[in-house]
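Taking it in order: structure first as structure tokens, then the write-up.
The values are calculated or read from the model by the stated rules, or taken from the named source; none is laboratory data. Remember, predicted model here, so these are calculated numbers, not experimental data. So basically every Cβ, Gly included, is an ideal-geometry build from the backbone, and we count neighbours across all protein chains shown. Please note that ligands, DNA and RNA were not included when accessible areas were found on the heavy atoms of the full protein model with its side chains. Shrake-Rupley method; radii C 1.70, N 1.55, O 1.52, S 1.80 Å.
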Amino acid sequence: MEFDLMIRFAFYIVLFSGLLSCSLLSKQGIVGQLDWVSGNQMPGPDKMPPTRQGVMREVQIYELLNLNDVEIEGAFIRKVNKPIVKTTFSDKNGLFKVNLPSGAYSILIKVEGGLFANQFDQNNNIQHVIVKEKGFSRVTIKINYKAAY
């Protein structure tokens, strides 16, 4: 009887520690907005300012990618030479949230032509996002390969 009680106690300790680590992880990551932009974006006297149009898409998160880590064809990334860390989907308004450990990541968006990213830093890192402990990094990504500026 006493052994059974010890087994139950150990089970609850393991369960509680697992829940605690999950709750800590859920307090950091990336919160994002995907906006679809297409057509003529040139300013003009008769032109209304563009409105935000959220879009549903698959969002792929990788460890920080550099241009050397991918194969590009035209406007799209055709192959990534690193594994995906996490995949999620934006909702109909373009919003997504993903829990991640602290670190440096790249965000690629799956579109009909391949994978899309349009932000590169001075070191050729692709769609660079840093996740810090106990915080969410906020990003807005304009999917604009069908836009003219």
### Query
Only one of Glu63, Glu71 is loosely packed, with under 15 Cβ neighbours inside 10 Å and farther than 27 Å from Glu133 by Cα; which?
Glu71
### Task
Kindly provide the set of residues from the stretch 114-149 that are hydroxyl-bearing (Ser, Thr, Tyr), under 13 Å from the mean Cα position of the chain (by Cα) and surrounded by 14 or more Cβ atoms within 10 Å (Cβ to Cβ), ordered by number.
Ser137
### Message
Of everything in the stretch 41-67, what is of a type outside the set (A, V, I, L, M) and in a strand (DSSP E or B)? Give them in sequence order.
### Response
Gly54, Glu58, Gln60, Tyr62, Glu63, Asn66
### Query
Is it the case that some residue within the stretch 114-131 is part of a strand (DSSP E or B) and closer than 13 Å to Gly32 by Cβ?
yes
## Note on the structure
The number of residues in the stretch 89-113 that are in contact with a strand residue (DSSP E or B) (Cβ under 7 Å, 6 or more places away or on another chain), open to solvent by 20 Å² or more (accessible area, probe 1.4 Å) and more than 10 Å from Gly29 (Cβ to Cβ) is 7
### Query
Scanning the stretch 1-40 for residues that are in a loop (DSSP other than H, G, I, E, B) and at pLDDT 85 or above, which turns out least open to solvent (accessible area, probe 1.4 Å)?
Gln28
### Query
Condition test on Pro101, is it assigned to a loop (DSSP other than H, G, I, E, B) and touching a Pro at 6+ places or on another chain (Cβ under 9 Å)?
no
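When you scan the stretch 68-80, do you find a residue that is under 30 Å from Lys47 (Cβ atoms) and under 14 Å from the mean Cα position of the chain (by Cα), even just one?
Among the residues of the stretch 68-80, not one is under 30 Å from Lys47 (Cβ atoms) and under 14 Å from the mean Cα position of the chain (by Cα), which makes the answer no.
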### Message
Anything in the stretch 74-86 that is modelled with pLDDT of 95 or more and either loosely packed, with under 12 Cβ neighbours inside 10 Å or in contact with a Ser or Thr (Cβ under 8 Å, 6 or more places away or on another chain) (or both)? List them, or say none.
### Response
Lys79, Asn81, Pro83, Ile84
